[in-house]
Amino acid sequence: MIDFSIEPEFQAKLDWMNAFVREECETMDLLWPEMGANFETHRADARRHLKPLQDQVKAQGLWACHLGPHLGGPGYGQVKLGLMNEIIGRSSWAPTVFGTAAPDTGNAEILAMFGTPEQKQKYLGPLMDGDIVSCFSMTEPQGGADPGEFTCKATLVKNDKGEDVWEIEGEKWFSSNAKLATFLLVICVTDPDKPLTERMSMFIVPTDTPGINILRNVAIAGDRDPENGHHAHIRYEKVRVPFDHMLGERGGGFKVAQARLGGGRIHHAMRTVGICNRALEMMLERVVSRRTRGRTLGDHQMVQDKIASSIVELEAFRLLVLKTAWIIDEVEEGRLPHGSARNHIGMCKIGLVKIYHDVVGRSLELHGSLGISLDLPLAKWYGGHMSLAFADGPTDVHKSQLARAYMKKAKPVDGIFPSEHIPTRTAAALARYPNARDAK
Ligand SMILES: Cc1cc2nc3c(=O)[nH]c(=O)nc-3n(C[C@H](O)[C@H](O)[C@H](O)COP(=O)(O)OP(=O)(O)OC[C@H]3O[C@@H](n4cnc5c(N)ncnc54)[C@H](O)[C@@H]3O)c2cc1C
């Protein structure tokens, strides 16, 4: 039975989070508003302010909640995480304050799942403590995130000491936070003749390794400096890493990447609920405050349509996200088979772009010129929905996959009419009960 009721102890945690995010994390958004500032571990002023807040989160047992107990986290499960992320999603600093900022969350998950004890000690520990940031380097400039098009390769060569080392050559695109990261997780072709899902391996590459050439740090809408964004175009020029720097098995890169992306997609969806809730709150405040033609904005029916549509659509999306979280938890507990959540995760990824666009867009519209100005957060958020359309794979690919998964279950009809054809069905019903419509 699906049950989203919340125990009083956990509700108390959510209440604490709600107040804390509004008071502290949103304050950090105002003090350090630059995009990506939360990843800049070298910013002494922000870090000084951040540390005591992170300590409060740890004291509440709310740090790095995306990791289950077997992976070193508190393990609240995805439903509770969903409720928490709705609150965290309100603020751009909150994920860092709570130790759940992407891409570090997904990177920590796969290090915890596939890392050797040495890899975990060296990379996972500092990452979990929030002392360093990391980068996931997968997308390629010529082929996006389609693994069939990847050309960045790693080959086994001997170093000067005659030891086996991996040598990486190729380019990656939009490797977020590479310029700030201590290490990169790079997926490379190691076995080009194998089937697609066994062709690649994942490597841990420390960023001080010679040969990592950041060609540009590409900026996106919202970044201040077009030449100093957060998404690196990297050329790996004979980058050599020790033999033991492979994460997971040789040929297991696809599996590692898939394990990472599922969690990321639902976390984005959960946080989208948070940002949409905030946009809706702003919308409601605006329409009861602003007057036009002798009435409040909220007295106009077109405005009421925007409010009602936002409420209904957001509630429906929120339930989809929670149901998906519930399915993931059931799979984790072994009550549903592996893979049961796949379609629902796709639905969340597809749905989040639209709800984000619609609710934030309506709120922006109701705020008029102020809405599009940088005096309110709405214009910045509005641009964010398209980033989410691409991050963790294009939405259109998920649409295709979802449609194909459902079509696979559909059976073609015998004959020319659909199985719901009323005359055909009525004839069959009469054949079964020939006297049913007799007067006597
Ligand atoms: C803010 C942001 C952060 C990112 N961070 C990272 C990161 O840290 N690491 C990383 O490796 N990558 C990252 N990416 C890259 C992201 O994974 C890619 O943008 C995404 O996979 C799409 O690749 P692409 O941009 O090359 O678009 P393309 O692959 O060129 O796709 C463009 C469009 O073509 C259409 N399309 C493509 N494929 C299909 C298909 N199979 N079926 C139907 N239509 C299709 C869709 O409309 C799609 O939107 C990030 C992207 C963004 C926007």
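For this structure, a couple of remarks:
- Scanning the range 255-270 for residues that are closer than 18 Å to TYR76 by Cα and among the aliphatic types (A, V, I, L, M) gives ILE266, ALA269, MET270.
- Subset tally (residues that are more than 9 Å from the ligand (Cβ to nearest atom) and open to solvent by less than 30 Å² (accessible area, probe 1.4 Å)) for the range 382-397: 1
- If you go through the range 143-162 and pick out every residue that is outside any strand (DSSP E or B) and within 16 Å of the ligand (Cβ to nearest atom), you end up with 9.
- Close pairs from the range 291-318: first under 26 Å from GLY274 (Cα atoms), partner surrounded by fewer than 14 Cβ atoms within 10 Å (Cβ to Cβ), Cβ under 6 Å, at least 6 apart: GLY298/VAL288
- Cβ-Cβ contacts under 6 Å between residues 6 or more apart (or on different chains), taken from a first residue in the range 37-63 that is on the phi > 0 side of the Ramachandran plot to a second residue that is surrounded by 14 or more Cβ atoms within 10 Å (Cβ to Cβ), are listed as GLY61/PRO74.
Residue-wise test of (1) in the same structural domain as HIS231 (by TED's automatic domain parsing); (2) surrounded by fewer than 22 Cβ atoms within 10 Å (Cβ to Cβ); (3) more than 19 Å from ILE132 (Cβ to Cβ).
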position: TRP16; (1), (2), (3): no, yes, yes
position: GLU26; (1), (2), (3): no, yes, yes
position: PRO33; (1), (2), (3): no, yes, yes
position: VAL57; (1), (2), (3): no, no, no
position: TRP63; (1), (2), (3): no, yes, no
position: ILE88; (1), (2), (3): no, no, yes
position: GLY99; (1), (2), (3): no, no, no
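- Extreme residue, nearest to the chain's Cα centre (by Cα), among residues of the range 35-52 that are part of a helix (DSSP H, G or I) and surrounded by fewer than 13 Cβ atoms within 10 Å (Cβ to Cβ): LYS51
- Cβ separations smaller than 6 Å between residues 6+ apart or across chains give the following pairs from the range 379-407 residues that are part of a helix (DSSP H, G or I) to residues that are within 11 Å of the ligand (Cβ to nearest atom) and open to solvent by 30 Å² or more (accessible area, probe 1.4 Å): LYS380/GLY222; GLY383/ALA221; GLY383/GLY222; LEU388/HIS268.
- ARG362 being in contact with a Ser or Thr (Cβ under 7 Å, 6 or more places away or on another chain) and under 27 Å from GLY298 (Cβ atoms): yes
- Of all residues making up the range 114-129, the number that are among the charged types (D, E, K, R) and farther than 14 Å from HIS245 by Cβ: 1
- With respect to the stated conditions, LEU352 fails to be open to solvent by 20 Å² or more (accessible area, probe 1.4 Å) and either free of Cβ contacts under 8 Å to residues at least 24 places away in the same chain or more than 11 Å from the ligand (Cβ to nearest atom) (or both).
- When the range 121-142 is filtered for residues that are away from the ligand (no atom under 16 Å from the Cβ), of a type outside the set (Phe, Trp, Tyr) and touching a residue at least 40 places away in the same chain (Cβ under 8 Å), the ones remaining, listed by number, are LEU124, PRO126, MET128, GLY130, ASP131.
- Taken as a whole, the condition of being touching a residue at least 40 places away in the same chain (Cβ under 8 Å), open to solvent by 60 Å² or more (accessible area, probe 1.4 Å) and within 27 Å of LEU320 (Cα to Cα) applies to ILE6.
- On inspection, LEU297 does not qualify as hydrophobic (A, V, I, L, M, F, W, C) and under 18 Å from the mean Cα position of the chain (by Cα).
- Selection status of PHE174, within 16 Å of the ligand (Cβ to nearest atom), open to solvent by 30 Å² or more (accessible area, probe 1.4 Å) and modelled with pLDDT of 95 or more: yes
The values are calculated or read from the model by the stated rules, or taken from the named source; none is laboratory data. Keep in mind that this is a model prediction, so the values were computed, not measured. Backbone-built Cβ (ideal geometry, glycine too); neighbour counts: all protein chains shown. Protein only, heavy atoms only, side chains kept; ligands, DNA and RNA dropped before computing areas. Shrake-Rupley method; radii C 1.70, N 1.55, O 1.52, S 1.80 Å.
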